[in-house]
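For reference, the structure is listed below as structure tokens.
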Amino acid sequence: MPIPSIHSQSPLTDANLYGRTVRTVSRPEALVVPPCPVCDATSAHTLFEVEDVPPPVVVCDNCGLGHYHPRPDRETVASFYPDVYYGAPGTKFRPVVERIVRMVGRRHVRFLARDLPPGASILDVGCGRGVLLGPLADMGFSAHGVEASESAIRGAPPSAEIRIAPTLRDAGYAPVSFDEIILWHVLEHLPDPRETLDECFRVMKPHGKIVVALPNFSSFQARWSGEDWFHLDPPRHLFHFPEKALRRLLERTGFKCESVHHFSLRQNPFGWIQSAMNRWSNNRRNALYERMHAGAPLKNSLSSWALLLATALPALALSVVMAVLRSGATVHIVAHRKR
């Protein structure tokens, strides 16, 4: 049975997106869909329905890529990101969470900078508040970013050169401009991931490096959580990539995958905690995540922090185990331009 449109007259804004109900389709329907951006297959089956989002999430029968059918147009996608989504200038979460986010960001900047020559040119696609760009610029790299929304870059470090454009292609970068391109939890948000990676190939220097991170749709966490998986993030995540599908798309667009990593301190443990809450509690979907945002009501915040602290170590341990088993809730792949 389709999910009732409880808020059919309300816009899909940040204030009511995180709590949108997701249900598994009880009787999956076989569909003929436009060619899959990963494998060009045209057969898929329905999997999820999302409250107030008419298109269902379908899964490609060949490569397992999840996506909406029909896919929303760019104007609809833009409506998913009102100004409130980005928080106050340079600050999206409560102060403690914001400090942790930036601390973890600085930690994995060292990973992103590995093997790059001094002064290398780096592009962060979907750079947001420039959490990565500031530390990269501080290390002496030429830090560039592209972002679709002016609201997103409020508070971004002045040391970064950021262009506002609806797509990477529209940003107008010259060919062979960058030594490294980063898409850190961005590709799943974009209406055309193949076009974006084609453009990455065009603006990257020969043998340049690309790092792509996103939720792993084939992970144990995703399969265990199902409709309650935190990283589904409907409807902002337009695509849901299994690891093999991401590797296939990278190879198809001219990149050679060098390494695959299954652990994220920022993403994976919290994914277990929030997914379990979505599955077992009567709270609004993703309630804990909403309470971590700057400006969220303080009601129930103490109990939320107590729960987070009590479950952090078990969630971390489980995330480490899943990473060892190559089934992390998120995955990031390092690849190089073939020529």
Going residue by residue through the stretch 31-43, is there one that turns out to be modelled with pLDDT of 90 or more, polar (S, T, N, Q) and either assigned to a strand (DSSP E or B) or at positive phi (or both)?
yes
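Residues checked against (1) over 16 Å from Arg194 (Cβ atoms); (2) out of contact with any Lys or Arg (no Cβ under 9 Å at 6 or more places or on another chain):
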| residue | (1), (2) |
| --- | --- |
| Pro37 | no, no |
| Leu47 | yes, yes |
| Asp61 | yes, yes |
| His67 | no, yes |
| Pro70 | yes, yes |
| Arg74 | no, yes |
| Pro82 | yes, yes |
Residues being touching a Leu at 6+ places or on another chain (Cβ under 7 Å) and either of a type in the set (Phe, Trp, Tyr) or closer than 15 Å to Ser121 by Cα (or both) - total across the stretch 147-199
7
Need the failing condition index for Pro55 against (1) outside any loop (DSSP other than H, G, I, E, B); (2) at pLDDT 95 or above; (3) not aliphatic (A, V, I, L, M), just the number.
(2)
Criterion first (assigned to a helix (DSSP H, G or I) and either more than 18 Å from Met322 (Cβ to Cβ) or of a type in the set (A, V, I, L, M) (or both)) does Ile210 satisfy it?
no
Which of the residues spanning the stretch 167-212 are without any contact (Cβ under 8 Å) to a residue 40 or more places away in the chain and of a type in the set (Lys, Arg)?
Arg169, Arg202
The stretch 224-339: helices (runs of 4 or more DSSP H) wholly inside it with 2 or more residues that are modelled with pLDDT of 95 or more and in contact with a strand residue (DSSP E or B) (Cβ under 8 Å, 6 or more places away or on another chain) are 243-252, 268-280
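Residue by residue, here is whether (1) assigned to a helix (DSSP H, G or I); (2) within 16 Å of Val186 (Cα to Cα); (3) not hydroxyl-bearing (Ser, Thr, Tyr) holds:
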position	(1), (2), (3)
Phe111	yes, no, yes
Pro118	no, no, yes
Ala137	yes, no, yes
Gly145	no, yes, yes
Ser149	no, yes, no
Ala152	yes, yes, yes
Give the residue that is modelled with the lowest pLDDT, with candidates limited to residues of the stretch 1-30 that are surrounded by fewer than 13 Cβ atoms within 10 Å (Cβ to Cβ) and of a type in the set (A, V, I, L, M).
Ile6
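The values are calculated or read from the model by the stated rules, or taken from the named source; none is laboratory data. This is a predicted model, so every value here is computed, not measured. For neighbour counting, all protein chains shown are included, and Cβ atoms are generated from backbone atoms with ideal geometry for every residue, glycine included.
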